[in-house]
Structure formats: C-alpha cells, structure tokens
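To start, the structure itself, in structure tokens.
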2 protein chains.
Amino acid sequence: MFYVSLPPKKDKNQMKREKLILITNDDGFFSRGIARLAEVMNRLGRVVIVAPQTEMSGQSHSISVVRPIKFQQVTDSPFECYAVDGTPVDCVKLAMNKILPQKPDLLVAGINHGCNASINTIYSGTMAAAFEGCAESIPSIGFSMNSHSKDVCLDYVGDYIYEIAMDVLLNGLDANTCLNVNFPVGEIKGVKVCHQARAFWREELIEDKDNSGDTVYWLNGQYHILDTSERADFNTLEDGYTSITPMQVDFTAYGVLKKYAERFDRL
Amino acid sequence: MFYVSLPPKKDKNQMKREKLILITNDDGFFSRGIARLAEVMNRLGRVVIVAPQTEMSGQSHSISVVRPIKFQQVTDSPFECYAVDGTPVDCVKLAMNKILPQKPDLLVAGINHGCNASINTIYSGTMAAAFEGCAESIPSIGFSMNSHSKDVCLDYVGDYIYEIAMDVLLNGLDANTCLNVNFPVGEIKGVKVCHQARAFWREELIEDKDNSGDTVYWLNGQYHILDTSERADFNTLEDGYTSITPMQVDFTAYGVLKKYAERFDRL
C-alpha cells in the first residue's frame, strides 16, 4: 500500500453493488495487461470488459465511420467480457449505448504494453478510450507499462492501480480531466504528477516488397525528446517513478490566444 | 482580400523557389477540397500533395503499425501528387522521409468536407496531419468547411486561405502551435480567434445485418455542445464567422497540475 491515508478496503459485495467499472484497451481483450487490470478492478466493483478483438495499437481516436461494428461475448473469460470488431473508441461508444446497464462509475484502459507518456499519448488507442470517457463525463484513467514485452511482470503495479482507482472512485476528477498513468519497469521509486513531455517520433521508413512485388514501407520511429524538465512525464518515468499526467480533451493553445486574436481577428 | 495590411503578392516564380508546401487531407487525394487548397497554395510556392488514396475520415492520429504503407504518383493531376495506401498521419511521415526533397515550409491539410471545430478535432484525420506537422516543427494549418456536402461552394474561402497561409509563411507560428481554421457556409461575417468548444458526441447505434446475417451497428452520433462562450470555435462558426483555433499537441490539464500533485505525489 502506498497511500497511507486511505480507508480500509470496502466490503467486496458492497462495492460491487455500488460501482460499475468499464475496462478497455488497445492490445485486445486477450492481452495480459487487461487481465491484470480486471483482476485489480474486480476488488473495487462490477467489472465489464469491452475491448477490441484484435490488436489496435496506434489507432489513436479513430472510429468506424465507413463500416459498421460488431461484437460478441467471450464465454471463457473469468469476467463479463465482450470482444469488439472495432477500435478502442468504438468499444467505449458501444459499451455506453448497447452493453452497460447504466453510465459507468469509472472507465479504466490498459494496462497497455508500451509507454503512453509524452507524444505517445496522441497515437495511443488506450488513452483515446480514456479521452472518450472523459468527454462523456466519466472519471477515466489510462494505465501503461514502459515496456512492449508481452511477458513483462505486472504483479507489482497492482497495488498502485488499486489505490489510484480507489482515490478516483472516492474523490472523482475535475470536469474534462482524466489521468494518464505510466509505470516504470522494475522497482517503483515513487509517484509524480507530471506534464506531457514535448517530443516527436521521426520515422525511418524500411523498404520491403509485398506479395505483388510492389515496394512498401514499414514505419520505424526514432523517439526524440525536446523536454528536459524533471516533471516531464517521459523523464519521470525513465527516472524510475510512476508518472500521473492529468489530461483534458482540449488542444487549445491558451498561452497564445490573446496574441493570435490581435493577429488574426477581423471583426 | 481581407487583410488590408498585407504586402502585395510576391512574384510567383520567386515564391516557388522559396517555399515548399506539403498538402494532405483525410477525404482522399481526389476530393474537391484538396484540389481547391492546392489551387490556392500554388500561388504561394511549390505544391506537393501526399494524400490518402481512399477516404480516411474519422481516422484521427492513427498510424499503420501492423502493416506497411505504399504509394504511387498520380499522373493525371495538375500538381505533383502522390496517393498513399495509409492514414493522413502516415502521409505526413511518408512525405517527410521519402517524397519531399527537404523539410516543407508549410503543411496545410484540407479543405475538409465537414466541421473540425470543437470535439471533432480529436476524431479528425485532417487535424491529425496538422498536429503531426506541428510536432515535427513545421508551421501547420488545417482548413475545414462546416458542411459535409461534396458539392459545397469552395470559391469564397480561397482569399481567406491565401491570406492566412501567407501570414504564417511570413510570420511563422509559435513553437508547438498550429492552426485549426473552420469556414462557415455562405457569407463570412469576419474572423475570430477561438478556443476549442467543449462538447461530445453521444452515439445512437443503428442495428443492421451483415452478409453473414450477423447483427452489426452503425455509429450515428448526436452532437452535444457544453460551451456557451461566443469565442468557442463551434459557436463562432455557427454565428457565421471563420474560426481560427490555435492548437498544440499537448493534452496536459495545466490548471489542475498543482492540486493533483498534492493529491497523488508520493516522493
């Protein structure tokens, strides 16, 4: 336990009556990360998993516009679980409108296999699901591991996830605010609230041939960090701390609004 | 001309030597919107179009992770034009790494057939392309029409696009800042710099059957605006003004950082 001020765990059955928790991800309903997340959330309430049936990494906030989505219940899951032929954001929209009996008390996405700090936020299907929940005024949290290994140890992050989710269930989040939580691999030195590190991916495209003999290119990104602040989420994470970045679905560059109004307004 | 203080138009050949302009969109290389945008940009510099070969609306910032991308030159275009089997963000990455001779002086995306103000920003492939350019430190602008009609009149927005792009070419944009420009249909009352209107889409899923007889669902969103400010971009647009929203690729909820550090930090 890392939050010393927390109340004792609530009676499980009581929580189950009280709290409805929607779980999704972008790695697919079968991933180890979502199983671990469901295991932890099951201690806090009634868990419903609605997740993609195939891997949807890098799908960002995409939605199915030109094709319909479909889903089926996964019968051999220990949880109530639905596999969706659609993106992570499709999953949230489907859950809200067709699967859940009422608006969930909490939306959690992950545990993502791979870091979603910094610029990764905008490519991430996991964080997109959290943003979709946030836009719908559901307290929402994305959880990610700073490792792409499918075998990465997920045991030690359980207590952190439990405590952060419990805090959000008890105290809520501000309007239009969700959390982007990233865990370091191995020992956790502590937890720091951060801002999104400024960075970008520059691609080296790797040439290949497809079955028709046509030249194709694989994206192979090189990460470039532009932020030296110790409270930049990526840097915090690399230092061995869990980063918590409060986020909002608002791209407005508020710092330049006044200056740009003087420059561009024609009233 | 709506910017009275602008210098006279530069000699076309001089601009062409000076400025390299990358054009993309999410409606596809064949759309009327991108053709109109290229026509206007051709007055400002050397135009290169790198755009999806099929419609990519709603693809947001998605990238091709599990499959390679390919492209071919479009030989019957009046401009240097490449059609890409990939998303809008793939197009920018491909252009930067395989097609353009150097970093472009300007990236413009659009003209999108459909409004990209408000929460639409996060679903939009057009704005995603502008964000990708912005992350790569290219002055970037997304242009959109508040109409999904493929036949919408695009004549009257030309001068506005020209003047805004010229201003950005001459004066640049702040670091990590791009512009989201939305045009009203019909007469333009003026131009206002705005913030992103807070809103969300709530879906009504429309049941259908696929070829196998399985039940499928089409997303059918209902727009809900939560922002009454006159300077909220969606509201400005509906009032008949062109909205210019300065945007950044940073989701951090700066307003709550200190409060959340007190709540979640464990050092």
Residues of segment B:82-126 with amide N under 14 Å of a point placed 7 Å along Cα→Cβ from residue B:229: B:118-119
Which ordering of B:85, B:26, B:76, B:90 is given by a fewest-first count of other beta-carbon atoms within 10 Å? B:76, B:85, B:90, B:26
What ranking do A:98, A:209, A:93, A:192 get, fewest neighbouring Cβ atoms within 10 angstrom at the top? A:209, A:98, A:192, A:93
5 Å is the cut-off here: which amide hydrogens, built 1.01 Å from N in the peptide plane, fall below it relative to residue A:65, excluding neighbours closer than 5 in sequence? none
Step through the residues of segment A:143-150 one at a time and calculate ³J(HN,Hα) from phi using the Karplus curve (6.51 cos²θ - 1.76 cosθ + 1.60, θ = phi - 60°), rounding each to whole Hz and writing x for Gly and Pro. 10, 9, 9, 7, 7, 8, 5, 5
If a/c stays under 1.5 just call it rounded; otherwise compare a/b with b/c (prolate if a/b is bigger, oblate if not). Do that for chain B, with a ≥ b ≥ c from the square roots of the Cα gyration tensor eigenvalues. rounded
Return the aspartates and glutamates within reach of residue A:209: Cα separation strictly under 15 angstrom, same-chain partners fewer than 8 residues apart disregarded; answer none if there are no such residues. B:85
Nm distances between copies for residue B:159, ranked from closest, using label points 7 Å along Cα→Cβ: 6.9
Antiparallel DSSP bridges in the protein assembly as shown: what percent, to the nearest 5? 45 percent
Provide the percentage of antiparallel DSSP beta bridges, counting only those with both residues in segment A:167-267; round to the nearest 5. 80 percent
Spin-label pair residue A:137/residue B:258, simplified geometry with 7 Å Cα→Cβ offset, distance in nm: 2.8 nm
Within 10 Å, count the other beta carbons around each residue, average over each peptide in B:32-43, B:54-65, and list them highest first. B:54-65, B:32-43
Total charge dipole magnitude, the protein assembly as shown, about the Cα centre, Cβ charges on Lys, Arg, Asp, Glu only, Debye to nearest 20: 740 debye
Starting from the Cα-Cα distance between residue A:67 and residue A:148, subtract it from 0.36 nm times their residue separation and give me the gain in nm to one decimal. 26.2 nm
Please state, as a whole number in µm²/s, the translational diffusion coefficient that the Stokes-Einstein equation yields for the protein assembly as shown at 37 °C and 0.692 mPa s, with Rh defined as the Kirkwood radius across alpha carbon pairs. 139 µm²/s
In the protein assembly as shown, with Lys and Arg counted as +1 and Asp and Glu as -1 at Cβ, which of these residues, A:141, A:124, A:229, has the Cα nearest the positive end of the dipole, that is, farthest along it? A:229
Under 5 Å between amide hydrogens, which residues at least 5 positions from residue B:247 or on another chain qualify, with H placed 1.01 Å from N in the peptide plane? A:253, B:178, B:179, B:180
In the P(r) worked out for segment A:76-224, what percent of Cα pairs fall beyond 25 Å? 39 percent
Run the helix sum for the protein assembly as shown: -39,500 (n - 2.57) per DSSP H stretch of 4+ residues, divided by residue count, reported at 222 nm to the nearest 500 deg cm²/dmol. -7000 deg cm²/dmol
Residue-wise, which Karplus ³J(HN,Hα) couplings in Hz belong to segment A:80-88, taking 6.51 cos²θ - 1.76 cosθ + 1.60, θ = phi - 60°, and x for glycine or proline? 6, 9, 10, 9, 10, 7, x, 7, x
Sequence-distant or interchain residues sharing an amide H contact under 5 Å with residue A:146, placed H: which? A:183, A:185
State, to one decimal in nm, how far the label point of residue A:32 lies from the label point of residue B:39, with both points 7 Å from Cα in the Cβ direction. 5.7 nm
Counting other C-beta atoms within 10 Å, which of B:81, A:91 has the fewest, and how do the rest follow? B:81, A:91
Segment A:213-227 - phi-based ³J(HN,Hα) in whole Hz, Karplus 6.51/-1.76/1.60, Gly and Pro as x: x, 6, 6, 10, 10, 9, 6, 9, x, 10, 7, 10, 8, 10, 10
For segment B:111-171, listing GluC sites (Glu not before Pro) in a DSSP loop whose Cβ sees at most 14 other Cβ atoms within 10 Å gives none
Out of the DSSP beta bridges found with both residues in chain B, what percent are antiparallel (nearest 5)? 40 percent
Calculated label separations, residue A:80, copies of the chain, 7 Å along the beta-carbon direction, nm: 5.8
Would you please name the GluC sites (Glu not before Pro) within segment B:200-257 that are DSSP coil residues with at most 14 other C-beta atoms within 10 Å of their C-beta? B:204, B:230
For residue B:206, place a label point 7 Å out from Cα along the Cα→Cβ vector, do the same in each other copy, and report the separations in nm, one decimal, smallest first. 4.2
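Computed from the coordinates by the stated procedures, all read-outs in this text should not be read as laboratory data. Note that this is a predicted model, so its numbers are computed, not measured. Every residue, glycine as well, gets a Cβ built from its backbone with ideal geometry; the counts of neighbours run over all protein chains shown.
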